[in-house]
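Structure, as structure tokens:
The values are calculated or read from the model by the stated rules, or taken from the named source; none is laboratory data. Given the structure is predicted, the values throughout are model-derived calculations rather than measurements. Cβ atoms come from the backbone with ideal geometry, glycine included; neighbour counts cover every protein chain shown. Accessible surface is based on the protein model in full, side chains and every heavy atom, while ligands, DNA and RNA are left aside. Shrake-Rupley method; radii C 1.70, N 1.55, O 1.52, S 1.80 Å.
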Amino acid sequence: MSTPARNPWEQLAAAGLSAQTGRKVEDYYRAWDAGRRLSDPPAGRPVIPAAVRRAVRADGQCVYCGAPDAAEIDHIQPWARGGTHDPSNLVPACVDCNSSKSDRLLTEWDAARVRHGIAASTKIAEVYKRLTESARRHVT
């Protein structure tokens, strides 16, 4: 199936949004073709309740680097990999750390940021321990 030709304004808008958010240009095209904005949650994906968002952000700094501007919420176990919106799986993160981590597991991501996260959050320490123990069981 071929993709429809895009007018120059759509291309510019998608490129600009992509540069701002780090999302792929194609993600914007797919969302627009489906008649929604990319900021709308995908069908079937529940939204993190506002009260939970506030509680997680109240923790303050980014758990992965210590930046004071933890404007986003990270799923420790990524949503795309089976994580939930449960508060035990959510931590405050800066834009850079959250977009860098993306849908990676802690064991697949930047070791220095993960070490900082382990020291800053018992939630991250518990998930990391579970992941490494699981990996060890599969190796032996």
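Looking at the stretch 67-86, which of the residues that are of a type in the set (D, E, K, R) and surrounded by fewer than 17 Cβ atoms within 10 Å (Cβ to Cβ) is nearest to VAL52 (Cα to Cα)?
Across the stretch 67-86, the extreme among qualifying residues is ASP86.
Could you please tell me which pairs satisfy a Cβ distance under 6 Å, a separation of 6+ or placement on different chains, a first residue in the stretch 91-120 that is without any contact (Cβ under 8 Å) to a residue 24 or more places away in the chain, and a second residue that is among the aromatic types (Phe, Trp, Tyr)?
Sorted first by the residue in the stretch 91-120, then by its partner, the pairs are ILE118/TYR128.
With (1) in a helix (DSSP H, G or I); (2) modelled with pLDDT of 85 or more as the list, and ALA80 as the residue in question, which single condition is left unmet?
Single failed check for ALA80: (2).
Answer yes or no: is there a residue in the stretch 108-124 that is within 19 Å of VAL47 (Cβ to Cβ) and either open to solvent by 60 Å² or more (accessible area, probe 1.4 Å) or assigned to a loop (DSSP other than H, G, I, E, B) (or both).
No, the conditions are met nowhere in the stretch 108-124.
What is the one condition in (1) modelled with pLDDT of 95 or more; (2) surrounded by fewer than 16 Cβ atoms within 10 Å (Cβ to Cβ); (3) touching a helix residue (DSSP H, G or I) at 6+ places or on another chain (Cβ under 7 Å); (4) of a type outside the set (S, T, N, Q) that ASP103 does not satisfy?
Evaluating ASP103 over (1) modelled with pLDDT of 95 or more; (2) surrounded by fewer than 16 Cβ atoms within 10 Å (Cβ to Cβ); (3) touching a helix residue (DSSP H, G or I) at 6+ places or on another chain (Cβ under 7 Å); (4) of a type outside the set (S, T, N, Q) leaves (1) as the failure.
Exactly one condition in (1) in a loop (DSSP other than H, G, I, E, B); (2) surrounded by fewer than 17 Cβ atoms within 10 Å (Cβ to Cβ); (3) at pLDDT 85 or above is false for VAL63; which is it?
Only one criterion is unmet by VAL63, namely (2).
Can you tell me which residue within the stretch 125-140, out of those that are within 20 Å of TRP79 (Cα to Cα) and either of a type outside the set (Gly, Ala, Ser) or not in a helix (DSSP H, G or I) (or both), is least open to solvent (accessible area, probe 1.4 Å)?
Here the residue is VAL127.
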